[in-house]
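Working notes, structure below.
The values are calculated or read from the model by the stated rules, or taken from the named source; none is laboratory data. Not measured: the values here are computed from a predicted model. Heads up, the Cβs are rebuilt from the backbone with ideal geometry, glycines too, and the neighbour counts pull from every protein chain shown. Each accessible area value is taken on the protein alone, full model and side chains, heavy atoms only, with ligands, DNA and RNA left out. Shrake-Rupley method; radii C 1.70, N 1.55, O 1.52, S 1.80 Å.
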There are 2 protein chains.
Amino acid sequence: MAPTRRGRATYHHGDLPAALVRATLEIIDEVGVRGFSVAEAARRTCVSPGAPYRHFADRDALLAAAALEVSRRLRAIYLETVAEVGSAQERLATVAGSFVRAAARYRGGLDILFAPGLRAAHPELQESSREFVALLLPSAFEVIAPGEGAEAAVALLDALNALARGYVAQLLEGKFGDPEEVAEDVATRATRAARVLVAGYGLPSGPADG
Amino acid sequence: MAPTRRGRATYHHGDLPAALVRATLEIIDEVGVRGFSVAEAARRTCVSPGAPYRHFADRDALLAAAALEVSRRLRAIYLETVAEVGSAQERLATVAGSFVRAAARYRGGLDILFAPGLRAAHPELQESSREFVALLLPSAFEVIAPGEGAEAAVALLDALNALARGYVAQLLEGKFGDPEEVAEDVATRATRAARVLVAGYGLPSGPADG
DNA sequence: CATTCAATGTATGAGCCTCTCACATCAATC
DNA sequence: GATTGATGTGAGAGGCTCATACATTGAATG
């Protein structure tokens, strides 16, 4: 959306923040978070090394903005993928799997989305995850044993969330082999495990009482 | 075990690698991974900034060594904690919870133990996790439905692993509040979810077929 | 149109970090 | 006691983050 052609002929950029976020995602995709630097992002955007700091307080703020963009894309994927799944049970179970599949494609992106330091320091990131989870709440309510309260539904979602993230982490660190190759396999395993959780939390006197 | 007193009066240190790992864990505990630097570790060990590079190829190698130390401590905790649990089912379920509890105490340590980049680049870290998981394999075999093969046992352990790590991640990023405070609560929830998984994978025609 | 102003980008630089290389020091061996 | 290999030192190259002072510009105002 920059008003000028690439390489930029005007003094002002047009939409530097967005361009920086794009550059950041590019870099991370190519060389990982460790290889990312604000300076490099500036370079790719044809802008001086100091310019980014007009828009982002510090390095982490830029990373957080990029992570937010990733979470937006993930939600879009989710909406497309799961909308057509019929039963609430399957809908919940499917999420875990499609999450794993997305992780394989957005490799670098997920690394920042789940970077511990970032999430702790930038609540808006957690907020976005929470909104995402909220989309699933109605399904969770359908699924839990009748008579259970809201905590049961939330507990189920937390468990599913934990499960999915754990599989994603293991996938991305290459525990099962090349992420690209094993993604589908791991996704089905994640779905399977999710199904077990969903079924378990649906039983009458299930896990509600320890 | 340095042959000289703290502060060091001799030219040679005695056991610089170990001292650097200790310093690294200290630093990470105080200021997090982001605040860690090889230079700082060297400073705390009263050694020149270049000295660490005699023993560790680069920054990440030192971090990986520290992470390895963390994993060793975790295993020790596990052996103490779970040895006395009677049934295989409860043993497996308990692991998840005690893992969460350990995370609250070794906060910084877990951050590096699960740092995606590190694990991907340093297979010995994954290896150590794998050994840890192997300790649980016998319990997993006891638990799975009779007639299932080894894959079922491994699949269960993978699922438990994913679940535990996911809870740990959420705990450490403060999703549930101050990690110290909510640790116990989250631990019981993790245990509960783990119990559901264990039960589910123990059912005859359970999750083995999709 | 001319002017002014706030926003945005530039230039410069201080301070820190990673990692390298030549050199100093020491322990062990022969 | 001389040699040698391992370990630590000192100096420094190059890169990065971030602050500060300055330049440029589009938009609002008269």
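Taking the longest Cα principal axis of chain B as reference, the axis of helix B:179-202 is set at about 40 degrees.
The dipole here belongs to region B:1-56: it is taken about the Cα centre, uses +1 on the Cβ of Lys and Arg and -1 on the Cβ of Asp and Glu, and is about 200 debye. Between the residues A:L163, B:A41, B:G109, the greatest Cα displacement towards the positive end of the dipole of the protein assembly as shown, with unit charges on the Cβ of Lys, Arg, Asp and Glu, is found for B:A41.
Taking the Cα centre of region B:70-202 as reference, the dipole from Cβ charges on Lys and Arg (+1) and Asp and Glu (-1) amounts to some 140 debye. Nearest 100 Å², what total accessible surface is buried between chain B and chain A (probe 1.4 Å)? Heavy-atom accessible area buried at this interface is about 3000 Å².
Any idea which of A:A51, A:T94, A:L62 is furthest toward the positive side of the dipole for region A:48-94, if Lys and Arg beta-carbons carry +1 and Asp and Glu beta-carbons -1? Highest projection toward the positive end goes to A:A51. Assuming charge only on the beta carbon of Lys and Arg (+1) and of Asp and Glu (-1), the dipole of the protein assembly as shown about its Cα centre is about 1420 debye to the nearest 20. One Cα centroid belongs to region B:35-60, the other to region B:159-193; the line between them spans 33 Å. Counting only DSSP H runs of at least 4 residues, each contributing -39500 (n - 2.57), and dividing by the residue count of chain B, the helix-based mean residue ellipticity at 222 nm comes to -23000 deg cm²/dmol. Note on region A:54-101: Kirkwood radius taken over Cα pairs, Stokes-Einstein applied at 4 °C and 1.567 mPa s, translational D equal to 104 µm² s⁻¹. Here chain A exposes an accessible surface that is 54 percent carbon and sulfur, computed with a 1.4 Å probe and the other protein chains kept in place. Between the helical axis of A:123-134 and the longest alpha-carbon principal axis of chain A there is an angle of about 40 degrees. With respect to chain A, whose longest principal axis is taken over its alpha-carbon atoms, helix A:59-82 is tilted by about 50°. Per residue, chain A exposes 47 Å² of solvent-accessible protein surface, assessed with a 1.4 angstrom probe and all protein chains in place.
Exposure here means at most 15 other Cβ atoms within 10 Å; with trypsin sites (Lys or Arg not before Pro) in a DSSP loop as sites, the longest stretch of chain B lacking them is B:7-210. Were the residues from A:R72 through A:A51 laid out at 0.36 nm apart, the gain over their Cα-Cα distance would be 5.0 nm. In region A:10-56, the inverse of the mean reciprocal separation of distinct Cα atoms equals 10.6 Å; this is its Kirkwood hydrodynamic radius.
Percent of Cα-Cα pairs more than 29 Å apart in chain A, please. The calculated P(r) of chain A puts 35 percent of pairs beyond 29 Å.
When the other protein chains are added to the chain by itself, burial of at least 20 square angstrom of heavy-atom accessible area (probe 1.4 Å, ligands and nucleic acids ignored) affects these residues of region B:88-116: B:D111, B:P116.
Kirkwood radius for the protein assembly as shown, taken over all pairs of different Cα atoms as the inverse mean of 1/r, rounds to 22.9 Å.
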